[in-house]
Amino acid sequence: MTIAKGTALITGASTGIGAVYADRLAKRGHDLVLVARDETRLEQLAARLRKDAGVTVEVLRADLGTTADRAKVEERLKRDDIAVFVNNAGMAVTGPTVDADIEKLDAMIELNVMAAARLARVAAETFARKRAGTLINLASIAGITNDRPAVGVYYNATKAFLLSLSEGIETELAPLGVRVQAVLPGVTRTEIWERGGVDINQLPAEITMEVDDMVDAALAGLDAGESISIVSLPDNADWDAFKAARTAMYPNLSRRTPAPRYRVPARAA
Ligand SMILES: NC(=O)c1ccc[n+]([C@@H]2O[C@H](COP(=O)([O-])OP(=O)(O)OC[C@H]3O[C@@H](n4cnc5c(N)ncnc54)[C@H](OP(=O)(O)O)[C@@H]3O)[C@@H](O)[C@H]2O)c1
């Protein structure tokens, strides 16, 4: 299983996970389009990668929380040279829901849900047209730990959205030869924690992964053909069992009659 050849567009490439993807994909020979708000940081990274990897690197400054800037990125994703889309930009609002600033929650939903959903849709269309392409969605283990939201309830919900979207698009596009991977990191040492008001050094070392290791493992998972990569999980059979339990419910999730435990009287035919 190889990653599609061509240009890789990476959102949230100015730092953290996105910047490491940029480094690794450049070293694999991909030309890059780097997207984020901090143009200075993007230009610094672009200059280094042009020099070290000899690839072409475009910088596309965009605030993905705004529809106007999102549209610029959508236009770029429509071009045929795009072979890889790393749907990575995200933010975290931490802490209890009742204390959360509702404007910050809105901003997070705009970025983690609205922008991620729109850009995935445009990339999916490009890749379906070309019958080739690789879509990598940076979800999170937060997307499957909704009953224990260690970061924040709304953050978890945004990541559950992206995981669900990724699984669904994969089902539709895999028959066309398009690769779709959801990456589910655990705690990874990046600025997202500090930006969310959490000192990562206060978190237990045994649950904290270095960002280079996280991205290298996720790319190894992609190369191995995984459509969901839970980067820390030692045994993928655990995820398969989780999915099998879900699938086993399918025949009973939509029926003519309510379940017997609700004791709803039988309706005359
Ligand atoms: N680190 C973790 O523990 C962890 C765990 C699981 C999942 N993830 C997910 O991985 C992804 C990357 O996270 P990270 O840890 O690398 O975060 P990070 O270090 O905070 O980097 C976030 C990136 O997104 C960009 N960004 C933020 N707001 C933006 C906006 N409005 N418009 C455009 N770009 C924006 C930032 O650049 P600018 O500020 O320059 O715009 C930066 O490049 C996120 O989706 C996150 O939810 C992270």
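FYI, it's all coordinate maths here, none of it is from the lab. In this text the structure is predicted, and so the values were computed from the model without any measurement. Virtual Cβ from ideal backbone geometry, glycine too; neighbours counted across all protein chains shown.
Tabulated values for the structure
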{"read-out": "Part-to-part distance (alpha-carbon centres) for the range 108-126 and the range 173-217, which is given in Å", "value": "19"}
{"read-out": "Full-extension gain in nm, residue 66 to residue 233, via 0.36 nm per residue minus C-alpha separation", "value": "56.6 nm"}
{"read-out": "Straight-distance crosslink candidates among aspartates and glutamates, where the alpha carbon sits under 15 Å from residue 130 and sequence neighbours closer than 8 are dropped", "value": "80, 81, 172"}
{"read-out": "Those lysines that a straight Cα-Cα span of less than 20 Å connects to residue 159, excepting residues fewer than 8 apart in one chain", "value": "104, 243"}
{"read-out": "Residue 242/residue 107 FRET efficiency (R0 30 Å; Cβ-Cβ; nearest 0.05)", "value": "0.45"}
{"read-out": "Most to least packed among 180-193, 234-247 [average Cβ atoms within 10 Å]", "value": "180-193, 234-247"}
{"read-out": "Angle between the chain longest axis and helix 39-53 axis [Cα atoms, degrees, rounded to 10]", "value": "70"}
{"read-out": "Residues of type lysines that residue 27 reaches as a straight line, Cα spacing below 21 Å, ignoring anything fewer than 8 places off in the same chain", "value": "5, 51"}
{"read-out": "Crossing angle, helix 153-173 versus the chain [Cα axis fit, 0-90 degrees, rounded to tens]", "value": "80"}
{"read-out": "Helix-only [θ]222 nm of the chain, DSSP H runs n ≥ 4, -39500 (n - 2.57) each, per residue, nearest 500", "value": "-13000 deg cm²/dmol"}
{"read-out": "Degrees between helix 16-27 axis and first principal axis of the chain (Cα, 0 to 90, nearest 10)", "value": "60"}
{"read-out": "Cβ crowding within 10 Å averaged over residues, with 119-126, 31-38, 226-233 ranked highest first", "value": "31-38, 119-126, 226-233"}
{"read-out": "Unit charges at the beta carbon, dipole of the range 7-237: most positive-side option, 144, 207, 108", "value": "108"}
{"read-out": "Peptides ranked, highest mean first, by Cβ atoms within 10 Å: ranges 84-94, 100-110", "value": "84-94, 100-110"}
